[in-house]
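A.B. asks: Have a look at this one.
Laboratory data are not the source of any read-out in this text; all were calculated from the coordinates shown. Here the structure is a predicted model, which means the values were calculated and not measured. Here the Cβ positions follow ideal geometry from the backbone for every residue, glycine too, while neighbour counts run over all protein chains shown.
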There are 2 protein chains.
Amino acid sequence: HLLLGCDTNLKTLTLDTLNPQVKAVEYAVRGPIVIKAGEIERYLEEGGTKPFSEVIKANIGDAHAMGQQPITFLRQVVALCTFPELMDSPSFPEDAKWRARRILQGCGGHSLGSYSASPGVECIRKDIAAYIEQRDEGVPSDWENIYLTTGASDGIMTILRLLVSGKDSSRTGVMIPIPQYPLYSAAISEMDAVQVNYYLDEDNCWALDINELYRAYQAAKLHCQPRVICIINPGNPTGQVQSKKCIEEVLHFAYEENLFVMSDEVYQDNVYTPDCQFHSFKKVLYEMGPEYFNSVELASFHSTSKGYTGECGFRGGYMEVINMDPEVKAQMVKLLSVRLCPPLAGQAAMDVIVNPPQPDEHSYKQFRQEKSSVLGALADKAKLTEQILNAVPGIKCNPVQGAMYAFPRIFIPPKAVEEAKALGMQPDMFYCLRLLEETGICVVPGSGFGQKDGTYHFRMTILPSIEKLKVLLGKVRDFHIRFLKEYSALE
Amino acid sequence: HLLLGCDTNLKTLTLDTLNPQVKAVEYAVRGPIVIKAGEIERYLEEGGTKPFSEVIKANIGDAHAMGQQPITFLRQVVALCTFPELMDSPSFPEDAKWRARRILQGCGGHSLGSYSASPGVECIRKDIAAYIEQRDEGVPSDWENIYLTTGASDGIMTILRLLVSGKDSSRTGVMIPIPQYPLYSAAISEMDAVQVNYYLDEDNCWALDINELYRAYQAAKLHCQPRVICIINPGNPTGQVQSKKCIEEVLHFAYEENLFVMSDEVYQDNVYTPDCQFHSFKKVLYEMGPEYFNSVELASFHSTSKGYTGECGFRGGYMEVINMDPEVKAQMVKLLSVRLCPPLAGQAAMDVIVNPPQPDEHSYKQFRQEKSSVLGALADKAKLTEQILNAVPGIKCNPVQGAMYAFPRIFIPPKAVEEAKALGMQPDMFYCLRLLEETGICVVPGSGFGQKDGTYHFRMTILPSIEKLKVLLGKVRDFHIRFLKEYSALE
């Protein structure tokens with residue numbers, strides 16, 4: 001051996017020897033544009049100058065980072081669980097204390113520092129089942145079908161891992177909406193499955209069209225075996241809320257074609273337009289009758305990160321899995337057990353979400369006020385975003401019916417498309433980089449979520465405060481007009 | 001479609017169609033014996049009778065579940081981060097408050113509810129680097145090489161995922177000690193890599209013998225490409241603490257054979273015998289000189305779950321990765337970003353561990369007392385366990401130099417081996433099931449960790465209180481004598 005120091009060629013692990021499936025993974029929400037935003041932030045901090053004074057990160061659904069305040073009651077319960085000496089403190093309400101006591105009774109040694117059972121703390125699983133029954137107006141939920149997860153992402157990866165067979169993986173088709181949340185495409189790449197795209201209908205408020213599902217399925221069957229369909233409702237990045245009829249159609253389709261259904265329902269509390277309502281896949285399945293309810297294999301996912309709590313950092317979540325083969329379930333629990341358990345603070349946070357203060361409890365008034373204040377502001381911001389964007393020539397934005405994002409379609413002049421392509425860049429990436437460089441606004445190009453060829457979009461969150469959001473949208477408008485002018489002049 | 005209801009044959013996901021790599025996973029620490037223990041617990045709760053009144057779970061390193069109390073200071077800091085209104089409370093000390101304030105300043109929106117950057121909160125990464133420098137007596141540590149993880153398991157899986165190529169996975173060899181902690185074998189199964197066993201030397205206190213490493217490597221090269229060597233120091237389940245000389249030999253071997261080194265050092269604070277000392281792989285590598293220190297790719301892992309804190313439920317941990325190709329690092333960060341970030345409460349807990357109260361701080365005295373009380377008790381229990389087990393005929397136990405487990409070798413009479421085999425069971429599984437059924441003590445068979453053919457062991461934690469541990473060991477002794485008698489009488 002020579003003293004070659006850091007010579008990369010001698011390394012064991014290089015870009016050439018790296019697991020190629022890792023290389024294939026893309027995750028736009030924290031992708032190149034966000035890395036660039038971080039660089040600009042540091043540049044500004046170090047005294048550099050730009051045409052703006054701060055970077056506004058509208059790239060990720062991270063409510064607290066945008067200034068949203070935590071729900072007091074949730075934090076009280078988690079703090080009590082963390083430091084039970086606070087049970088003696090008169091400044092914590094009794095309703096928070098009894099919840100904390102109950103959670104701790106479910107923990108080994110009555111401590112948040114113990115591992116829980118791999119599917120989660122039993123009493124929390126029971127609370128979740130009770131919550132689902134209430135949400136679904138009496139449709140039964142069995143607590144043994146509930147599995148706590150480390151955020152919803154963890155649950156989604158777990159279910160996909162069961163379905164995607166290693167060696168034959170290139171034959172397993174996973175149907176996902178386009179546009180999609182890129183966790184799905186990333187997981188598919190990592191597991192080397194086949195991504196089967198079904199396109200949401202932008203001209204119809206991003207509705208899911210059942211004919212398109214059949215088309216995608218039939219086309220995929222020629223080269224893989226589609227085994228699972230993923231639905232995101234309310235939609236991310238697209239913000240639509242699915243109608244009951246549409247959900248029925250999807251479930252009927254899954255039943256007919258024997259597909260496993262994964263319904264990502266993390267935005268179930270984020271519905272803003274009065275004519276829309278969240279319908280859970282579970283409830284709709286139940287209402288379709290026993291031949292459906294007793295056979296369709298369904299996993300639905302929820303999270304502490306979204307809704308009105310926005311507790312992303314707690315990495316809390318759960319999945320409800322119905323009609324799963326009991327032997328497969330045992331295998332899943334075994335797989336979960338390798339990672340031991342989801343974080344206990346996240347499990348506790350999840351418990352508060354499914355078991356919030358009741359009208360006869362001390363904390364109810366404050367809880368209700370905080371909750372409706374968050375959701376009310378989000379509804380206002382959803383409306384505002386749509387309105388301002390639609391007033392810009394060359395931008396068209398569907399109503400933000402739910403979730404936390406606008407996904408406007410943007411017109412990019414042919415000359416700009418050419419310039420982007422010459423740089424080896426997606427045109428909407430080029431657009432978003434320019435937007436970032438010129439305004440400090442960080443949004444994610446539509447190409448990171450998937451879109452119909454020749455169309456361009458970006459995803460922005462509606463999470464900044466209303467004042468900041470107005471500034472942001474104004475800057476987007478001015479930028480877009482400048483951009484159009486610059487490149488149209490080149491025609 | 002007929003109304004076939006739950007007919008399993010029609011399911012999409014069955015044991016036949018399940019990802020076979022999931023099926024191949026085994027994880028004994030929460031395996032069949034632990035499931036059985038849970039069943040017995042429920043049976044007792046429901047009023048059933050057994051020759052014992054409670055199940056003692058010595059199967060898993062879960063200190064709080066065994067009654068260990070949390071470190072007050074750690075919980076204070078995490079509670080302050082969770083519920084910052086407590087900053088105004090006079091019952092929280094200033095040294096906890098400033099740490100909490102500092103952590104929150106590193107969080108988006110100053111909230112534990114924000115996502116952190118995927119590698120973790122920057123100031124926590126810096127604290128960890130400073131801790132490592134101090135621990136390693138000045139060997140430099142770059143905070144950009146530190147990645148917070150969701151427990152150590154998550155970091156270990158991440159590094160293996162980079163190294164094990166999907167399609168060619170059956171060609172990637174992963175060298176692991178035998179006996180090993182079954183996270184490794186489980187990950188290898190899940191990723192379809194080749195498990196390359198090197199056997200620890202039971203006759204020499206489970207030391208790692210460098211000749212055995214070469215033997216295993218040469219043998220493996222005939223059918224796969226060994227790319228990584230995993231070491232657990234202090235050992236799990238074996239409890240040995242590696243000598244500096246041995247670590248040098250391993251590192252020299254890795255250097256010569258161009259292997260990536262993964263050193264699982266989660267028990268670095270759990271060293272009990274006065275003649276043993278923890279040496280980090282990083283420090284030893286540094287001392288071997290620049291040709292080693294600038295080339296060997298090394299990832300080392302730590303956790304909040306072990307040591308004197310035992311905060312398993314927080315799922316905190318970190319890895320330090322040195323000499324990794326910068327392009328590979330960027331790919332790793334991308335992979336980490338798909339799961340967004342490790343839980344923030346776990347990151348905060350990790351920060352306290354690496355940045356504990358200093359002698360001039362208010363909380364120092366209590367912290368020091370709590371820490372030494374936990375570690376002192378563990379040292380006593382390590383000694384006690386070894387002594388009592390070695391006094392039993394047919395049991396031989398190496399000294400528990402470190403970690404949290406005894407891994408005694410047990411003599412199983414040929415007639416019992418026969419009976420087990422007739423039941424299609426590993427003899428030590430048969431033994432442990434009998435032990436559980438007759439005494440309520442839950443330990444894990446050696447076969448779950450790997451052992452030399454024809455030898456039998458079990459792993460038990462030394463975590464129960466000293467009173468309970470004495471009872472437990474007495475019951476093990478009596479059971480073993482009965483068992484020997486019963487089966488020797490059959491000869």
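A.B. asks: Take the cross-link list B:Lys334/B:Lys365; B:Lys23/B:Lys371; A:Lys282/A:Lys334; A:Lys36/A:Lys468; A:Lys97/B:Lys381 and give me the ones stretching past 31 Å between alpha-carbons.
C.D. replies: Cα-Cα > 31 Å for B:Lys334/B:Lys365; B:Lys23/B:Lys371; A:Lys97/B:Lys381; rest within.
A.B. asks: Continuing with this model, one more query. So what is the calculated 222 nm ellipticity per residue for chain A, using -39500 (n - 2.57) for each DSSP H run with n of 4 or more, over all residues, to the nearest 500 deg cm²/dmol?
C.D. replies: -13500 deg cm²/dmol
A.B. asks: Quick one: label points 7 angstrom along Cα→Cβ at A:Ser488, distances to the other copies in nm, smallest first?
C.D. replies: Inter-copy label distances (nm, one decimal, shortest first): 9.7.
A.B. asks: Residues of B:190-199, mean number of Cβ from any other protein chain within 10 Å of their own Cβ, rounded to a whole number?
C.D. replies: Mean partner-chain Cβ count within 10 Å for B:190-199: 1.
A.B. asks: For region B:291-299, in order, what is each residue's ³J(HN,Hα) by Karplus, 6.51 cos²θ - 1.76 cosθ + 1.60 with θ = phi - 60°, in whole Hz (x at glycine and Pro)?
C.D. replies: 5, 8, 5, 9, 10, 5, 7, 9, 10
A.B. asks: Once region A:305-405 is represented by equal point scatterers at the alpha-carbon sites, with solvent omitted, what log10 I(q)/I(0) does the Debye formula produce at q = 0.11 Å⁻¹?
C.D. replies: -0.59
A.B. asks: While we're looking at this one, here's another question. Over the Cα atoms of region A:376-475, compute the convex hull volume and normalise it per residue, giving Å³.
C.D. replies: 94 Å³
A.B. asks: On to the next question. Find every distance from the label point of A:Trp98 to the corresponding label point in the other copies (7 Å from Cα along Cα→Cβ) and write them in nm, one decimal, shortest first.
C.D. replies: In ascending order, 4.2 nm.
A.B. asks: Please list, in order along region B:391-400, the HN-Hα scalar couplings obtained from phi with the Karplus expression 6.51 cos²θ - 1.76 cosθ + 1.60 (θ = phi - 60°), rounded to whole Hz, x for Gly and Pro.
C.D. replies: Taking θ as phi minus 60°, the curve returns 7, 8, x, x, 10, 10, 10, 5, x, 8 Hz for region B:391-400.
A.B. asks: So how long is each side of region A:213-315 along the principal axes, counting just the alpha-carbon atoms, biggest first, in Å?
C.D. replies: Dimensions of region A:213-315 along the principal axes of its Cα atoms: 42, 31, 24 Å.
A.B. asks: Which far-off residues, 5 or more places away or on another chain, put their amide H under 5 Å from the one on B:Trp206, with H placed in the peptide plane?
C.D. replies: Residues meeting the criterion, in which the H sits 1.01 Å from N, are B:Asp201.
A.B. asks: Now for a separate question. Can you list the residues, at least 5 places off or on another chain, whose amide H is less than 5 Å from the amide H of A:Gly120, using H built in the peptide plane?
C.D. replies: Amide H to amide H, under 5 Å and 5 or more residues apart or across chains, A:Gly120 pairs with A:Leu148.
A.B. asks: Which cross-chain or sequence-distant (5 or more) residues have an amide H under 5 Å from the amide H of B:Gly317, H modelled 1.01 Å from N in plane?
C.D. replies: Here B:Thr149, B:Gly151, B:Thr304 satisfy the definition.
A.B. asks: Next question, about the same structure. With r defined as the distance between the Cβ atoms of A:Glu327 and A:Leu423 and R0 fixed at 60 Å, what FRET efficiency is calculated, to the nearest 0.05?
C.D. replies: Efficiency computed from Cβ-Cβ geometry: 0.70.
A.B. asks: Now a separate question. Let me know the volume per residue of the alpha-carbon convex hull for the protein assembly as shown, in Å³.
C.D. replies: 178 Å³
A.B. asks: In whole Å, what is the distance between the alpha-carbon centres of region A:180-235 and region B:268-319?
C.D. replies: Centre-to-centre distance over Cα atoms comes out at 44 Å.
A.B. asks: Quick one: work out Rg over Rh on the C-alpha atoms of region A:1-143, Rh as Kirkwood radius.
C.D. replies: 1.16
A.B. asks: Inter-copy label distances at B:Arg171, 7 Å along the Cα→beta-carbon direction, one decimal in nm, shortest first?
C.D. replies: Result for B:Arg171, in nm, nearest copy first: 2.2.
A.B. asks: Just the Kirkwood number for region B:202-269, please: inverse of mean 1/r across all distinct Cα pairs, in Å, one decimal.
C.D. replies: Taking every pair of different Cα atoms in region B:202-269, averaging 1/r and inverting gives 12.7 Å.
A.B. asks: Still on this structure: Please report the equivalent ellipsoid semi-axes of chain A, computed as sqrt(5 x eigenvalue) of the Cα gyration tensor, largest first, in whole Å.
C.D. replies: Sorted largest first and rounded, they come to 36, 29, 26 Å.
A.B. asks: How much length is gained on full extension from A:Gln134 to A:Tyr364, taking 0.36 nm per residue of separation minus their Cα-Cα distance?
C.D. replies: Gain on stretching A:Gln134 to A:Tyr364: 81.0 nm.
A.B. asks: Using the Karplus curve 6.51 cos²θ - 1.76 cosθ + 1.60 with θ = phi - 60°, what ³J(HN,Hα) values do you get for each residue of region B:446-455, in whole Hz, with x for Gly and Pro?
C.D. replies: x, 4, x, 10, x, 6, 4, 3, x, 9
A.B. asks: Moving on to the next point. Compute the Kirkwood hydrodynamic radius of region B:115-354, taking the inverse of the mean of 1/r over all pairs of distinct Cα atoms, and give it in Å to one decimal.
C.D. replies: When all Cα pairs of region B:115-354 are included, the Kirkwood radius is 17.9 Å.
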